[in-house]
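> So that we are looking at the same thing, I have put the structure below in structure tokens.
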Amino acid sequence: MLPCSCVIYAQSPGATDSQPSSVSRGVEYVFNYLNMAGTKNVDQFEPLSQQERTRIYWKTMVNPITYLKAASSAGLDQWNHKPEEWQQGAAAYGKRFANIVGQYSIQRTVTFVVSSGLHEDNRYFNSGKHGFWSRTGYALESGVLARHDDGSRHPSVSQAGGVAAGAFISRLWLPPSQHSAGDAAISFGITMASNMGFGVVKEFLPDVGRALIGKRAKSPSKTGGSSRHRQVGTPCWR
């Protein structure tokens, strides 16, 4: 869905002017949710100013994708009776939704505060490498590494600290079946592993987008052979 939304082809001059801004805003939401530096490669890295870092944080906290994801995850937990003490019903669903949003909010806030102090940049930059395995290795490493202002990569204290804070602090409101330190450690491990896995998605996502856009560009016009298709907005997979 994301690659298809990167470029809109207006088939008539009457296309609405709101389309480009809507599409670019949607793509920006996805990049923000995935914590990606757009489609920039590592050689395009520039250190974040505190103002830029703060702006990214606030965008993350109000990103609608975050709440859609939380809603779907809460629904899955409700289906699986997890945790079982919260039972079923609208109130129970509300608890599950609040639990997920609460954990995420703690994680992002602690990561923001610590990364600001340590000048860590957890955004994902595409490797610019060639070859599946070299790119995959880079992507997996990116799940646990952050860049400093000089561009060098080191273990991400801010990301690990944020994930740990979300996992352990949430035990304060979770019921006995998920209240132990062991449960928190499992949650921490799953989230860190998920971050590494999503690194692979981030690395290859622009390739998928370019392929889909190229395929769409080669498709014949459906307006009687006329080349009246016009691109509105800049392709995001450049």
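> Give the residues of region 133-146 that are exposed (fewer than 12 other Cβ atoms within 10 Å of the Cβ) and assigned to a strand (DSSP E or B), sorted by residue number.
Matches in region 133-146: none.
> Considering only region 179-192, state which residues are surrounded by 13 or more Cβ atoms within 10 Å (Cβ to Cβ), under 26 Å from the mean Cα position of the chain (by Cα) and not aromatic (Phe, Trp, Tyr). Outline the logic, then answer.
The first filter runs over region 179-192 and keeps only residues surrounded by 13 or more Cβ atoms within 10 Å (Cβ to Cβ), leaving 179, 183-188, 191-192.
Going one step further and asking which of them are under 26 Å from the mean Cα position of the chain (by Cα), we end up with 183-188, 191-192.
Across region 179-192, the qualifying residues are 183, 184, 185, 186, 187, 191, 192.
> Out of all the residues in region 29-37, is one or more surrounded by 18 or more Cβ atoms within 10 Å (Cβ to Cβ), among the hydrophobic types (A, V, I, L, M, F, W, C), in contact (Cβ under 8 Å) with a residue 40 or more places away in the chain and under 20 Å from residue 171 (Cα atoms)?
no
> Find the residue count for region 147-170, including only residues that are in a helix (DSSP H, G or I), closer than 22 Å to residue 50 by Cα and in contact (Cβ under 8 Å) with a residue 60 or more places away in the chain.
0
> Going through region 101-137 one residue at a time, which ones are of a type in the set (Ser, Thr, Tyr), over 25 Å from residue 67 (Cα atoms) and more than 19 Å from the chain's Cα centre (by Cα)?
Applying the first criterion (of a type in the set (Ser, Thr, Tyr)) to region 101-137 yields 104-105, 109, 111, 115-116, 124, 127, 134, 136.
Now narrow it down to the ones that are over 25 Å from residue 67 (Cα atoms): 127, 134, 136.
Hit for region 101-137 is 134, nothing else.
> Okay, next question. Scan region 133-146 and report the pairs whose first residue is without any contact (Cβ under 8 Å) to a residue 40 or more places away in the chain and whose second residue is not in a strand (DSSP E or B), with Cβ atoms within less than 6 Å and a gap of 6+ or a chain change.
145/156; 146/120; 146/122; 146/156
Rule-based calculations on the coordinates, nothing more; no lab input. Bear in mind that the values here come from a model prediction, so they are computed numbers and not experimental data. Backbone-built Cβ (ideal geometry, glycine too); neighbour counts: all protein chains shown.
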